[in-house]
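What follows is a single structure, written as structure tokens, with notes after it.
What follows draws every value from the coordinates through simple rules; no lab data is involved. If you're wondering where the values come from, they're calculated on a predicted model, not measured in any experiment. Here Cβ is always computed from backbone atoms with ideal geometry, including for glycine, and neighbour counts include all displayed protein chains.
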Amino acid sequence: MTATSEDELQKLKDIGRIVANTLATMGKAIEPGMTTAELDAIGRRELDLAGARSAPELAYGFPGATCISVNEEIAHGIPGDRVIAAGDLVNIDVSAEKAGLFADTGASFAVPPVTRAIEKLCRDGRRAMWAGIGEVAAGRPIAGIGNAIGAFARKNRYTLVRNLASHGVGKSLHEYPTEIATWPDKSERRMITEGLVFTVEPFLSLGAELAEDGDDPWTLYSEPRALTVQYEHTVIATRQGALVLTLPG
């Protein structure tokens, strides 16, 4: 989507704030002993109260309001009876629709107590995302996003999952520009245009390079198995840089 009016901008800011607040509320609610279904119910309540609809349910018939992935699961985890334990790494992905427009955000949360390596992985996952967001501006190459994230990962001795990409969002959950690499991609020649709405969501890992299918139609696992974090914002490209839509407030 390309945002072209003040009305669209305000609606995008509204749904962006809703998903950000929902993610923040869910993150604060995580505690050992609760199930992922119980955590998802908190997210559903927040979306309902804000008048928003779960995007994965709406667009794909996903069996949950949010995606919750634990440890070896790295994306699209189905909320259910899995019990969250101390030391777990929990990824929450929240996307929703309101007034015909969509926003998408996500973050990984370490459940204390955790090792210093996991704490550092979470901190660096956020830094990798912001390195990519720093390359967003109208007139700049899309490839700059993946190049910046790749340079950060190499410098800090991480791997990047290379088959889960960022994407356009706005009038639908996934739209043009599709497959925005969050790793260096020499074939990428597209440019960022003013008003373009898309996500920046690297998957930073202690060894994984791919996501692979599991036993159900949704959940993706790291390959090779390694702890992996994902952080995600929805942004609008302006001439001055990225306008981040998915900040709580």
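From the alpha carbon centroid of the stretch 172-238 to that of the stretch 49-114 is 15 Å. Database remark: amide H of MET191 closer than 5 angstrom to the amide H of ILE142 (H placed geometrically; neighbours at sequence offset of 5 or more, or on other chains; Pro and chain starts carry no H). Contact order for the stretch 6-244, expressed relative to its length and based on alpha carbon pairs under 8 Å spaced 6+ residues apart, stands at 20 percent.
Taking label positions 7 Å along the Cα-Cβ direction at both ARG140 and LEU49, the computed distance is 3.6 nm, reported to one decimal.
Grab the DSSP H runs of the chain that are 4 residues or longer, score each as -39,500 (n - 2.57), total them, divide by all residues and round the 222 nm result to the nearest 500 deg cm²/dmol.
Rounded to the nearest 500, it is -10000 deg cm²/dmol.
The gain in end-to-end length when the ALA117 to TYR60 segment is fully stretched comes to 17.0 nm, 0.36 nm per residue minus the alpha carbon separation.
Counting 0.36 nm for each residue step from ALA86 to ASP7 and taking away their Cα separation leaves a gain of 24.0 nm.
Multiplying the residue separation of GLU38 and ARG154 by 0.36 nm and subtracting their alpha-carbon distance yields 38.0 nm. Close amide H pairs (under 5 Å, H built 1.01 Å from N) link GLY77 with ILE68, SER69, LEU220, residues at least 5 positions away or on another chain.
Only aspartates and glutamates eight or more places from LYS28 in sequence, or on another chain, were considered; those with a Cα closer than 18 Å are GLU38, ASP40, GLU46, ASP88, ASP93, GLU119, GLU232.
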